[in-house]
Amino acid sequence: MKISYSKQYIDNDDISAVVDVLKSNFLTNGPKINEFEKNISDYCDVPYACVVSSATAALHLSCLALDIGYGDIVWTSANSFVASANCVLYCNATIDFVDIDEKTFNICPIKLEEKLLEYKKLGKKLPKAVIVVHFAGLSCDMKAIRKIANQYGFFIIEDASHAFGGEYNGKKIGCCDFSDIAIFSFHPVKMITTGEGGVILTKNNKIADKAILLRSHGIVRSQEIEDINGGWYYEQQLLGYNFRMTDLQAALGISQLKKLDLFVKKRNELAKNYHQLLSGTDIKYQLIKNNYFSSYHLFVVQIENRDKIYEYLKKHGIYTQIHYIPIYKQPYYQRFNLENNFTNTDNYYKKTLSLPLYYELNYEEQINIINLILKFRN
Ligand SMILES: *Cc1c(COP(=O)(O)O)cnc(C)c1O
């Protein structure tokens with residue numbers, strides 16, 4: 001038996017949706033792209049959605065759409081996947097991190113404000129944007145962060161790679177009520193999948209237009225310029241990329257999105273089971289306050305002897321995972337000589353373990369996993 005920390009769920013509807021596209025005229029740049037974008041923007045109640053080839057591409061284009069470039073500073077959560085920070089480096093801007101809250105594992109608004117205040121006092125340059133990460137599917141404290149952003153004048157990008165289907169303040173994450181941009185990932189381990197894929201969401205039409213332009217070489221085609229110059233004419237106006245999603249992927253996404261609420265519901269039920277199975281032990285898990293509804297991309301525990309438990313479970317066919325090795329600890333990031341005073345993130349990292357959580361996991365398997373952990377500790 002092998003149980004992994006996460007995996008996709010693909011049914012026959014998903015398969016026939018992709019096959020239908022294979023039999024159609026458009027494999028890319030076709031009608032499924034607009035349909036998927038419309039469905040996501042309806043789901044999140046946000047006016048603009050721009051699907052791209054990955055969440056990494058979505059983060060990269062988000063930074064470019066906000067004109068982040070050389071000389072600019074961007075901060076993100078110390079506890080995230082490297083893509084949350086790499087996107088800033090792609091734009092030749094400077095990256096730095098903010099420590100997490102020890103109970104929610106999300107960027108800590110108090111630490112953020114302290115760091116801003118300190119930088120201001122020292123006359124250091126302040127960030128142009130802060131990329132918040134809704135870790136494991138739980139929203140950051142967006143009201144507090146919005147308030148700080150208004151005071152210090154930075155943009156907010158939500159790296160909501162984990163959080164499609166999650167809610168905050170009674171609304172779906174991705175609505176952008178408290179941010180400039182939100183992005184989701186459609187990697188197979190995430191909430192729904194397109195194989196590879198991501199989306200940029202915004203209420204701002206200028207940001208949306210720029211993202212759409214940049215995802216396809218910076219090339220503009222319009223009726224207006226064709227009428228003047230000929231039907232064959234196009235103009236490259238920006239240095240863009242090929243970050244397009246294919247219609248095969250969009251069709252899979254459309255079909256998967258229909259099951260998102262079901263996936264989220266099941267993951268919440270499984271999380272509840274874990275809570276119950278862990279009650280009375282000293283094993284801690286993420287605090288979910290009122291007004292927050294997690295999509296439960298991950299079920300993360302804080303546990304002593306983490307490395308040994310990881311190996312023990314692996315020997316029994318249970319493949320847990322560590323989310324994350326703090327980005328500032330990565331060899332590549334050593335060149336930036338960051339201050340490295342992220343105490344909560346360091347403490348969190350030592351004890352963190354992501355237990356299996358996916359749509360087809362069942363209660364018996366959960367009992368087995370927790371029993372193994374408790375047996376190891378006795
Ligand atoms: C998965 C993930 C990404 C990158 O997503 P891709 O679609 O694989 O590019 C970025 N940020 C976070 C927090 C992620 O978990």
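Here TYR285 meets the list (1) under 23 Å from HIS60 (Cβ atoms); (2) surrounded by 12 or more Cβ atoms within 10 Å (Cβ to Cβ) almost entirely, failing just condition (1). Residues being under 30 Å from GLU118 (Cβ atoms) and in contact (Cβ under 8 Å) with a residue 60 or more places away in the chain are represented in region 183-194 by at least one member. Scanning region 198-234 for residues that are at pLDDT below 95 and not in a loop (DSSP other than H, G, I, E, B), we see that the one that is surrounded by the most Cβ atoms within 10 Å (Cβ to Cβ) is VAL220.
Does any residue of region 57-67 turn out to be of a type outside the set (Val, Ile, Thr), in a strand (DSSP E or B) and touching a strand residue (DSSP E or B) at 6+ places or on another chain (Cβ under 9 Å)? Looking through region 57-67, none of the residues is of a type outside the set (Val, Ile, Thr), in a strand (DSSP E or B) and touching a strand residue (DSSP E or B) at 6+ places or on another chain (Cβ under 9 Å). Just for region 163-197: of the residues that are assigned to a loop (DSSP other than H, G, I, E, B) and more than 16 Å from the ligand (Cβ to nearest atom), which one is nearest to ALA250 (Cα to Cα)? Once the filter is applied, the top-ranked residue is CYS175. You will find that of TYR48, TYR70, TYR43, the residue that is touching a strand residue (DSSP E or B) at 6+ places or on another chain (Cβ under 6 Å), away from the ligand (no atom under 16 Å from the Cβ) and hydroxyl-bearing (Ser, Thr, Tyr) is TYR48 and no other. For region 146-162, filtering for residues that are outside any strand (DSSP E or B), touching a helix residue (DSSP H, G or I) at 6+ places or on another chain (Cβ under 6 Å) and surrounded by fewer than 24 Cβ atoms within 10 Å (Cβ to Cβ) leaves 2.
Of all residues in region 145-162, those that are more than 16 Å from the ligand (Cβ to nearest atom) and either under 20 Å from ALA250 (Cβ atoms) or under 15 Å from the mean Cα position of the chain (by Cα) (or both) total 0. Among the residues of region 73-113, the ones that are assigned to a loop (DSSP other than H, G, I, E, B), within 14 Å of the ligand (Cβ to nearest atom) and free of Cβ contacts under 8 Å to residues at least 60 places away in the same chain come to 1 in all.
Matching residues to (1) buried (at least 18 other Cβ atoms within 10 Å of the Cβ); (2) more than 25 Å from VAL199 (Cβ to Cβ); (3) modelled with pLDDT under 95; (4) in contact with a Phe, Trp or Tyr (Cβ under 9 Å, 6 or more places away or on another chain):
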| site | (1), (2), (3), (4) |
| --- | --- |
| MET245 | yes, no, no, yes |
| LYS266 | yes, no, no, yes |
| VAL300 | yes, no, no, yes |
| ILE325 | no, yes, no, yes |
| TYR328 | yes, yes, no, yes |
| GLN334 | no, yes, no, yes |
| ASN340 | no, yes, yes, yes |
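The values are calculated or read from the model by the stated rules, or taken from the named source; none is laboratory data. Just so we're clear, the structure is a prediction, and the values are computed from it rather than from any experiment. Cβ atoms come from the backbone with ideal geometry, glycine included; neighbour counts cover every protein chain shown.
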